[in-house]
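The next block holds one structure in the form of structure tokens; read it before the comments.
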Amino acid sequence: MAFEPVPLQPLERGYLTVLRIQAAIGWLIVTAMAAVADGFLQARAGLSPGVVAGPFIAFGIVSIVFLVPGRWRRWGYAFTERELHVACGWLTRVHTVVPVARVQHIDVSQGPIERSAGVATLSLHTAGAENSLVVLPGIRRQRAEEIRDAIRARISDAPW
Amino acid sequence: MSAPGTSTVAEALPPQRLDPRTILIRVLQGSPSVILGIPVFLAWSRGEGVPLVFLFTVMALLLTVTLLSSWLHWRSFTYQVLPDQIVIARGLIRRTRRSIPAQRIQDVSIKQGPLSRLIGLAEVRIETGGGAADEGKLDSVSLSEAYRLREVLRGIRTGVTTAGAGGRQGEAEDEAETLLFRIGLARLLYSGLFKFSLVWIVAIFGILQYLDQALGYDRDQWLEMVGVAERELQSRLNGRVLLSVAGLAIGLGLLAGVVRTVLQTYGFRLTHAGARFRYSRGLLTRTEVVVAKQQIQLGLVERGTVSGRLGWYALKVQTLGGSDHVSGRQELAPFARPAELAPIIALAGLPPFERSPLRPVSRWHTLGGLVGFFMVPTVILLVATTVFPLAALLLFAMPVPLAVALLRSRCHRYALAGTSVQVTRGVLKRRDWTVPYGNVQAVTVGRGPVQRLLGIATVRIDTAGGRGFNGPHVHDIDEAQAVAFVGDLIERVEALVSTMPSKVR
């Protein structure tokens, strides 16, 4: 945690639930495919059931219980009226700073899973080429709208 | 087709079609693949007993289809210049009508391929500084129409559309154009020597091999010849033979470089007038591009591996749209002395590159190079040697990447200057970036697992209009310095943004 020019706020706990549900869906799909392979192998080669699907189930549980919270903890953000900091990444840590005056437009979005967990996603678009979309998920909708309105006020203040 | 020079009044003309000769060009451009396909087809059909009549029927059919589709394309494509916008309508079944507002037109480029030059056509591109490359492409109109369009569009952009005034102003601007930089034939040929490339030799051998197969030559005969040559070589494999083979390869490489350079940059001229630059270049395909100063996002000076040491530099700028190249970069001076570049850089509104305040990155930057350029390739080569003993020869070249890796951290420096962030990087080919604070879009600090262990970070500076490997990024600086650097950079970006109008709309 050495690179931290400003103190970062963690995301809402609700977003942890969102990440877990998303991970669970992903693992379910993989496990389902593994189960099909399992059935096939059992019929053809007489392997005992669960040889393929078992490890997937085990790793999925480990991932959802231990790894996802680790990834969630790596997220952080800070909004200082003049810039937005977004940090994320578990293995490779990425910390993005967007000067508010550079924002081209702003989205606040909420998917069905996010809505049930009471969180929203704030997306900032800049004119940049490589990193033109900066996404901040997992904050309360009210907070996302506050940031959006603050940025909008500052953009319209800026002389064009 | 309208007579050139009759009117620059925008609203006077109804929707217009492209030049009808475009159909011919399209058909001709489509035919090389057909013509190249014939020998392949012949070679294949020789044993099959397909009658020649069948072949000609297929060809005639293909030609008709090409002709018809070209004609339909021409038929359904119209453009119209209105007082405050240009409207381009196209599509046969799904009609698309695109209007480009006058304020969004950044500049108008004219490009002529070899065929187009023969019959006096030109491709006009309306640059808007946004999205797709073919956003406002008129392919093709007559050359005089292209120049007329440029005048008219320039007129409606500046809001001068009243009769005659737009044209006159444009002419006045044209007259005021000053020649900044040109490349004579001697310098062009000389610069070509530094574009030495073995890639072209490989390509030539590739084509030979393709032709070899397509024309149905006996491969065994070739192999036999190669076998004879090999035996001959082995019988008297001495230094002289090796040297002459190497000499031939180098000679071909030099020739390839010169040919490519002449084709690309023949007759390079850079002129300047008011708020824009204009450059034209090319032997067969003649390109004329206008670069509006307002669009320039960053400046990049490249010093080649050899030519840079001899004091020849290249100046590129990254612009919002308007470039054929994915990097979004345009070359304002491909081969020039620093003294010639300085006035161009100043006119482009970029501050000069200052070397003294530059700070080096962390010494750990060398480590990445040692692993990536030296250790990994060496291991791969050692493994390869067990299968192909000849690969061991490449091991003798490994000191070069080793030296590059060792010098890497010394050659990578960065600084926050008065009005811009400046970064220099590269051991063999050296690049100096100058990014005015007003053009920094976002800053990203990344730390991989190894970087975290060593306490270093990579700072990526995102700018508009360009992507790819050679961005103005600062790799591997100490975390404490990264915090200070990013904080200071963002502060300067904001200070500038709040006092100056933004360049990006």
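The values are calculated or read from the model by the stated rules, or taken from the named source; none is laboratory data. Here the structure is a predicted model, which means the values were calculated and not measured. Note: ideal-geometry Cβ built from the backbone for every residue, glycine included; neighbour counts use all protein chains shown. Just so you know, the surface numbers come from the protein's heavy atoms only, side chains and all, with ligands and any DNA or RNA stripped out. Shrake-Rupley method; radii C 1.70, N 1.55, O 1.52, S 1.80 Å.
So, of the residues in the stretch B:326-380 that are among the aliphatic types (A, V, I, L, M) and free of Cβ contacts under 8 Å to residues at least 12 places away in the same chain, which turns out to be surrounded by the fewest Cβ atoms within 10 Å (Cβ to Cβ)?
By that ranking, first place goes to B:Ala339.
Output the residue which, of all residues in the stretch B:69-87 that are assigned to a strand (DSSP E or B) and open to solvent by 10 Å² or more (accessible area, probe 1.4 Å), is farthest from B:Arg286 (Cα to Cα).
This residue is B:Gln85.
Let me spell it out: the conditions are (1) modelled with pLDDT of 90 or more; (2) facing chain A (nearest Cβ under 9 Å); (3) part of a helix (DSSP H, G or I), and B:Asp488 meets all of them except one. Which number is the exception?
Result: B:Asp488 passes all but (2).
What's the number of the only condition in (1) at the interface with another protein chain (Cβ under 10 Å from one of its Cβ atoms); (2) more than 23 Å from the chain's Cα centre (by Cα) that A:Thr92 fails to meet?
Looking at each condition in turn, A:Thr92 falls short on (2).
Name the helices (runs of 4 or more DSSP H) wholly inside the stretch B:125-203 in which the number of residues that are at pLDDT 80 or above and open to solvent by 80 Å² or more (accessible area, probe 1.4 Å) is 1 or more.
It comes to B:143-158, B:185-192.
For A:Arg44, indicate whether it is touching a residue at least 40 places away in the same chain (Cβ under 8 Å) and open to solvent by 30 Å² or more (accessible area, probe 1.4 Å).
No, not satisfied.
For the stretch B:413-451, what are the residues that are assigned to a strand (DSSP E or B), among the hydrophobic types (A, V, I, L, M, F, W, C) and buried (at least 22 other Cβ atoms within 10 Å of the Cβ)?
B:Val421, B:Val423, B:Trp433, B:Val435, B:Ala442, B:Val443, B:Val445
For B:Val493, state whether it is within 7 Å of chain A (Cβ to nearest Cβ), open to solvent by less than 40 Å² (accessible area, probe 1.4 Å), assigned to a strand (DSSP E or B) and touching a residue at least 12 places away in the same chain (Cβ under 8 Å).
no
Quick grid of which residues meet (1) of a type outside the set (Phe, Trp, Tyr); (2) farther than 30 Å from B:Leu298 by Cα:
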| position | (1), (2) |
| --- | --- |
| A:Arg74 | yes, yes |
| A:Trp90 | no, yes |
| A:Val94 | yes, no |
| A:Val100 | yes, no |
| A:Val103 | yes, no |
| A:Ser116 | yes, yes |
| A:Asn131 | yes, no |
| A:Gln142 | yes, yes |
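Could you please let me know if A:Ser132 is surrounded by fewer than 17 Cβ atoms within 10 Å (Cβ to Cβ) and more than 10 Å from chain B (Cβ to nearest Cβ)?
no
Picking from B:Thr285, B:Thr305, which residue would you name as being within 26 Å of the chain's Cα centre (by Cα), loosely packed, with under 14 Cβ neighbours inside 10 Å and assigned by TED's automatic domain parsing to the domain that holds B:Asn470?
B:Thr305
Just for the stretch B:417-447: of the residues that are in contact with a Phe, Trp or Tyr (Cβ under 7 Å, 6 or more places away or on another chain) and away from every other protein chain (no Cβ under 14 Å), which one is nearest to B:Val474 (Cα to Cα)?
Among residues in the stretch B:417-447 that are in contact with a Phe, Trp or Tyr (Cβ under 7 Å, 6 or more places away or on another chain) and away from every other protein chain (no Cβ under 14 Å), the one nearest to B:Val474 (Cα to Cα) is B:Val423.
Residue by residue through the stretch A:102-124, note down the ones that are assigned to a strand (DSSP E or B) and more than 10 Å from chain B (Cβ to nearest Cβ).
Correct list: A:His105, A:Ile106, A:Asp107, A:Val108, A:Ser109, A:Ala120, A:Thr121, A:Leu122, A:Ser123.
It is to be established whether one or more residues within the stretch B:385-401 are free of Cβ contacts under 8 Å to residues at least 24 places away in the same chain and under 14 Å from B:His365 (Cβ atoms).
Within the stretch B:385-401, none of the residues are free of Cβ contacts under 8 Å to residues at least 24 places away in the same chain and under 14 Å from B:His365 (Cβ atoms).
Can you find a residue that is within 14 Å of chain B (Cβ to nearest Cβ) and open to solvent by less than 40 Å² (accessible area, probe 1.4 Å) anywhere in the stretch A:137-144?
No: zero hits.
Can you report the number of residues in the stretch A:47-62 which are surrounded by 13 or more Cβ atoms within 10 Å (Cβ to Cβ) and on the phi < 0 side of the Ramachandran plot?
Matching residues across the stretch A:47-62 total 9.
Out of all the residues in the stretch B:391-412, which are part of a helix (DSSP H, G or I) and either open to solvent by less than 10 Å² (accessible area, probe 1.4 Å) or of a type in the set (Asp, Glu) (or both)?
Result: B:Ala405, B:Ser409.
Please work out if A:Ile155 is assigned to a helix (DSSP H, G or I), modelled with pLDDT under 90 and more than 9 Å from chain B (Cβ to nearest Cβ).
Here the answer is yes, as A:Ile155 does meet what is asked.
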